[in-house]
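Only one structure is covered here, and it is reproduced in the block below.
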Ligand SMILES: Cc1cc2nc3c(=O)[nH]c(=O)nc-3n(C[C@H](O)[C@H](O)[C@H](O)COP(=O)(O)O)c2cc1C
């Protein structure tokens, strides 16, 4: 299983570390240098009033066909823009939105995402 993730201030990175404790998956941080080795799932964050981070946007332009689901970290303080990057990506690429979570996520968020990824990978 491949997980492609984007993180600027470290919250998604911390969420990834919690999944790592439970699953022996491949975790790849998105940067300009990576080429996906296999299809997988995207975990990103939302920025600037509901925007997709530029790094995630470019990654999806190049490799979107390899991505089977999207999830986003966010902050509920942003109201209607909470986790909106995931809605936008899900709509544009016709993939399921599996989870929106706050900051680095609660234990139940980690468990929910693992369960949902495994469910749609069957
Ligand atoms: C400038 C700025 C804009 C943000 N805009 C949003 C937003 O529109 N919606 C949202 O849900 N969260 C927003 N956030 C919160 C981030 O998505 C949240 O902190 C996330 O956990 C960041 O992930 P990272 O630490 O892995 O980079 C914003 C944060 C910053 C600093």
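Could you count how many residues in the stretch 106-122 are touching a strand residue (DSSP E or B) at 6+ places or on another chain (Cβ under 7 Å) and either farther than 15 Å from residue 73 by Cα or part of a loop (DSSP other than H, G, I, E, B) (or both)? Please lay out each step first, then the result.
Here is the first cut: in the stretch 106-122, the ones touching a strand residue (DSSP E or B) at 6+ places or on another chain (Cβ under 7 Å) are 109, 112-113, 116-117, 120.
Among the residues that remain, those that are also either farther than 15 Å from residue 73 by Cα or part of a loop (DSSP other than H, G, I, E, B) (or both) are: 116-117, 120.
Summing the residues that are touching a strand residue (DSSP E or B) at 6+ places or on another chain (Cβ under 7 Å) and either farther than 15 Å from residue 73 by Cα or part of a loop (DSSP other than H, G, I, E, B) (or both) in the stretch 106-122 gives 3.
Can you tell me which residues in the stretch 63-89 are over 11 Å from the mean Cα position of the chain (by Cα), assigned to a helix (DSSP H, G or I) and within 16 Å of the ligand (Cβ to nearest atom)?
Result: 76, 77, 78, 79, 80, 81, 84, 87, 88.
Taking into account only those residues within the stretch 1-35 that are in a strand (DSSP E or B) and within 22 Å of residue 122 (Cα to Cα), which is farthest from the chain's Cα centre (by Cα)?
Selected residue: 26.
With respect to residue 103, determine if the residue is in contact (Cβ under 8 Å) with a residue 40 or more places away in the chain, within 16 Å of the ligand (Cβ to nearest atom), surrounded by fewer than 18 Cβ atoms within 10 Å (Cβ to Cβ) and within 14 Å of the chain's Cα centre (by Cα).
Yes.
Just checking, does the stretch 32-49 include any residue being surrounded by fewer than 16 Cβ atoms within 10 Å (Cβ to Cβ), in contact (Cβ under 8 Å) with a residue 40 or more places away in the chain and within 16 Å of the ligand (Cβ to nearest atom)?
no
Residues 23, 14, 58: which one is surrounded by 13 or more Cβ atoms within 10 Å (Cβ to Cβ) and near the ligand (Cβ under 8 Å from one of its atoms)?
Going through 23, 14, 58 in turn, the sole match is 14.
Considering only the stretch 52-62, state which residues are within 18 Å of residue 10 (Cα to Cα) and in a helix (DSSP H, G or I).
So the first thing to find is which residues in the stretch 52-62 are within 18 Å of residue 10 (Cα to Cα), and the list is 52-56.
If the condition is that a residue be within 18 Å of residue 10 (Cα to Cα) and in a helix (DSSP H, G or I), then 54, 55, 56 are the ones that fit.
Every read-out reported here was derived from the displayed coordinates using simple, explicitly stated rules and does not represent laboratory data. Remember, it's a predicted structure, so these values are computed and weren't measured experimentally. Neighbour counts are summed over all protein chains in view; Cβ atoms, including those assigned to glycine, are modelled from backbone coordinates with ideal geometry.
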